[in-house]
């Protein structure tokens, strides 16, 4: 047993509370340098242990939960705005397809709609259920399709030009039906 | 994982804000404590915890529910806080006055005032700042937070031997730095 052995084993002995063998204890007792190193190591361990204790700085501020939730809401809002924008674009594109190419494109609308849900879920963690989303999933096979509602939704944002295009289309369809 | 926690996580995965709030309330304290250990600053710790929970909210869909939640959360926190710490201009280590006497007093009286604890925590934190990233994280998790080795392995993504090795070197360096302070005081006295 020599000073190097003590140095090697000291931290495990102090931090892990691994019991030292008789030879090691004898050496520490007999060697002034190792004895001092041992005492210093004990003090270091005590310092670490005491620093571990709770103190005011280590207690989370009482308003931290509210802060976190507000931050999360802000982040969700940003993503939701993006989702709404994407949803409107997709809705516009879907309806345009329906109007231009007719009934057979309905499946396209459904697929786009599913894609849109994926977008909103991937982006914000919750399902977007706003008006553009509903507009995109309207069943156009039903004669009761409310084009005015769709137009209103689209006119409110990104689909203004498409809405006017659809208005022309609607008037054309109405004339044909009469 | 407890039934309650599983339900809270499932609800959070479905976008339930109230459930997520519960999750935040449950874990913000240990998260804040570790962030403070890593960053040594209340404001930075607060920001790191906030950033961590935003990431958790965004990534909760990818959480594997067959695993424990805490190590996953602590791993995100440790990475976030470590990244922040790298970006912060660290102050040079200023030794605390009378550290040896304070420790001896604390040992004799088996207690310390909050101010002494605070000073000691800051001192150890500054010493830990001088360690390489992995050693520092392992030391903070194992010795300052008192986590089990298995938990440390999960959070740091290091195997058992790597944790042991990093811990060995970290403890040795922390001890050496403290001893240097002890020696300095001995010479002054």
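The values are calculated or read from the model by the stated rules, or taken from the named source; none is laboratory data. The structure presented is a predicted model; accordingly, all values stated were derived computationally and were not measured. Cβ placement follows ideal geometry from the backbone for every residue including glycine, while neighbour counts extend to all protein chains displayed.
Below are the figures for this structure:
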item: Region B:21-41, residues that are facing chain A (nearest Cβ under 7 Å) and either crowded, with 19+ Cβ neighbours inside 10 Å or over 13 Å from the mean Cα position of the chain (by Cα) (or both); result: B:21, B:24, B:25, B:28, B:32, B:33, B:36
item: Flag if residue B:167 is more than 18 Å from residue A:49 (Cα to Cα), modelled with pLDDT of 85 or more, crowded, with 19+ Cβ neighbours inside 10 Å and in contact with a helix residue (DSSP H, G or I) (Cβ under 7 Å, 6 or more places away or on another chain); result: no
item: First in region A:39-50 and more than 7 Å from chain B (Cβ to nearest Cβ), second anywhere and crowded, with 17+ Cβ neighbours inside 10 Å and in a helix (DSSP H, G or I), Cβ under 7 Å, 6 or more apart; result: A:42/A:14; A:45/A:14; A:45/A:15
item: Test for residue B:50: is it at pLDDT 90 or above and assigned to a helix (DSSP H, G or I); result: yes
item: So residue B:126, is it assigned to a helix (DSSP H, G or I), more than 8 Å from chain A (Cβ to nearest Cβ) and under 28 Å from residue B:42 (Cα atoms); result: yes
item: Matching residues in region B:10-20 - criterion: being surrounded by 21 or more Cβ atoms within 10 Å (Cβ to Cβ) and more than 8 Å from chain A (Cβ to nearest Cβ); result: B:12
item: Those residues of region B:42-65 which are more than 9 Å from chain A (Cβ to nearest Cβ) and free of Cβ contacts under 8 Å to residues at least 12 places away in the same chain, in sequence order; result: B:43, B:62, B:64
item: Residues (under 23 Å from residue B:41 (Cα atoms), in contact with a helix residue (DSSP H, G or I) (Cβ under 9 Å, 6 or more places away or on another chain) and modelled with pLDDT of 80 or more) located in region A:33-65; result: A:59, A:60, A:61, A:64, A:65
